[in-house]
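Laboratory data are not the source of any read-out in this text; all were calculated from the coordinates shown. If you're wondering where the values come from, they're calculated on a predicted model, not measured in any experiment. We place every Cβ from the backbone using ideal geometry, glycine too, and count neighbours over all the protein chains shown.
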Amino acid sequence: MKIRFSFLFLILLVSGSLVSAQSTNLKLQAIPFKLEVLNEPVAVYTVKGDSLLLSAKGKTNLFASPSGHYNVQNAPMVLFHPDSSFVFCAKVGADLKAVYDVAALVFYQDSDYWGKFCFENSVNKQTSIVSVINRIYSDDCNSMHIDDDYAYMAIIKKGLEMSFHYSRDGKNWEMIRNFRLETEESLKIGFAVHGSRGDGTQGQFSNIRYSSRVPDDLRSF
């Protein structure tokens, strides 16, 4: 996986466009809204408007410990204001080296209310599907270990109901979580990476899809 991702990074470096953390010109064809960058990534690239590469330095995280001992929210994110109901999907991959290296789809209302759906190197040093919902403090749910170096992931919202879905092929989906969150108009969604224990990580997001048309039943996608 390391060699494959390094090769991809070289391709992105040549054919992509580097955008600084303060830039407002970042665009993705699948996203019909203005993109914003929160926190300072090492680099953020778009490739032909179809894919996004986001890099984080070490000691970055998005987690408020349930014990209250720490709250670190310096993970680089690329976010946008969505419709009130939506389907947001991407193929997510990352150069997972250290424990808690993460590439994720996220929703973010403010520092107290947010969630992340993660492609993660778990505490057991296994590539895992992990989700976190933060209501002042974070929960932490490890759902499954996977053998692939990518995952298709989706966040779906209808009113105040939300769900996370995972797929190996982008066609057959499995619901990971279904929950309610009292969201507001300030809600943003998008992409995040962090590397809390290592020297940082790089996440790649491709096959990005967004729609304001949602299924009747958020448990089925």
(request) Find the relative contact order for the chain and round it to a whole percent, using C-alpha pairs within less than 8 Å whose residues are 6+ positions apart. (result) 26 percent
(request) May I ask you to list the trypsin sites (Lys or Arg not before Pro) in segment 81-154 that are in a DSSP loop and have at most 15 other Cβ atoms within 10 Å of their Cβ? (result) K125
(message) With a cut-off of 8 Å between alpha carbons and a minimum separation of six or more residues, what is the relative contact order of segment 61-106 in percent?
(response) 21 percent
(request) Please go through the residue pairs K57/K158; K59/K158; K59/K171; K27/K157; K27/K171 and name each one whose alpha carbons sit more than 32 Å apart in this structure. (result) K57/K158; K59/K158; K59/K171
(message) Please give me, ordered by residue number, the GluC sites (Glu not before Pro) of segment 124-221 that lie in loop per DSSP and have at most 15 other Cβ atoms within 10 Å.
(response) E182, E184, E185
(message) Using amide H atoms built in the peptide plane, which far-off residues or other-chain residues are under 5 Å from I208 H to H?
(response) K91
(message) Checking the cross-link filter: which lysines have an alpha carbon closer than 19 Å to that of K34, excluding same-chain neighbours under 8 positions apart?
(response) K48, K188
(request) Using only the C-alpha atoms of segment 111-221, find the volume of their convex hull and express it per residue in Å³. (result) 122 Å³
(message) Per residue of segment 159-171, what does 6.51 cos²θ - 1.76 cosθ + 1.60 with θ = phi - 60° give for ³J(HN,Hα)? Whole Hz please, x for Gly and Pro, Karplus curve as stated.
(response) x, 9, 8, 9, 8, 10, 10, 10, 8, 7, 10, x, 10
(request) Would you work out if segment 113-155 is rounded, prolate or oblate? Take a ≥ b ≥ c from the square roots of the eigenvalues of the alpha-carbon gyration tensor; rounded if a/c is under 1.5, else prolate when a/b is larger than b/c, oblate otherwise. (result) oblate
(message) Using the Cα atoms of segment 2-211, I'd like the radius of gyration and the largest Cα-Cα distance, Dmax, both in angstrom.
(response) 15.5, 45
(message) For segment 73-107 and segment 24-65, what is the centre-to-centre distance using only Cα atoms, to the nearest Å?
(response) 9 Å
(request) Considering Cα pairs under 8 angstrom that are at least six residues apart, work out the relative contact order of segment 72-167 and quote it in whole percent. (result) 27 percent
